[in-house]
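Colleague: One structure coming up, written as structure tokens, with questions to follow.
The values are calculated or read from the model by the stated rules, or taken from the named source; none is laboratory data. Bear in mind that the values here come from a model prediction, so they are computed numbers and not experimental data. As a convention, Cβ positions derive from the backbone with ideal geometry for all residues, glycine included, and neighbour counts pool all protein chains shown.
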């Protein structure tokens with residue numbers, strides 16, 4: 001499902017669907033596999049920003065989360081976390 005995350009190479013859209021995905025989608029691989037994208041550490045997001053984000057939806061979500069984190073806007077995700085709680089195992 002493409003949600004229109006990337007407008008251009010260096011511009012990321014903050015649409016409601018993309019913000020919801022940040023608090024519901026898990027990192028599919030790597031050191032932080034299984035962690036919500038919204039919970040990824042800033043250093044990890046900064047590493048992707050330096051090295052290049054993956055292609056596709058995941059890359060768009062990581063780029064969006066990097067922008068949210070870098071600009072101190074993580075509080076925008078609090079109401080979305082409450083509306084979309086993570087299921088407990």
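Colleague: Return a yes/no flag: does region 41-52 have any residue that is modelled with pLDDT of 95 or more, assigned to a loop (DSSP other than H, G, I, E, B), more than 13 Å from the chain's Cα centre (by Cα) and loosely packed, with under 13 Cβ neighbours inside 10 Å.
Modeller: There is at least one residue in region 41-52 that is modelled with pLDDT of 95 or more, assigned to a loop (DSSP other than H, G, I, E, B), more than 13 Å from the chain's Cα centre (by Cα) and loosely packed, with under 13 Cβ neighbours inside 10 Å.
Colleague: Still on this model: If a residue has to be over 15 Å from residue 28 (Cα atoms) and in contact with a helix residue (DSSP H, G or I) (Cβ under 8 Å, 6 or more places away or on another chain) to count, how many in region 50-64 make the cut?
Modeller: Of the residues in that region, 2 qualify.
Colleague: List the pairs whose first member sits in region 8-21 and is within 10 Å of residue 60 (Cα to Cα), whose second member is in a loop (DSSP other than H, G, I, E, B) and modelled with pLDDT under 65, and whose Cβ atoms are under 8 Å apart, counting only residues at least 6 apart or on separate chains?
Modeller: 12/5; 13/4; 13/5; 18/3; 18/4; 18/5
Colleague: For region 30-40, enumerate the residues that are touching a helix residue (DSSP H, G or I) at 6+ places or on another chain (Cβ under 9 Å) and exposed (fewer than 12 other Cβ atoms within 10 Å of the Cβ).
Modeller: 30, 31
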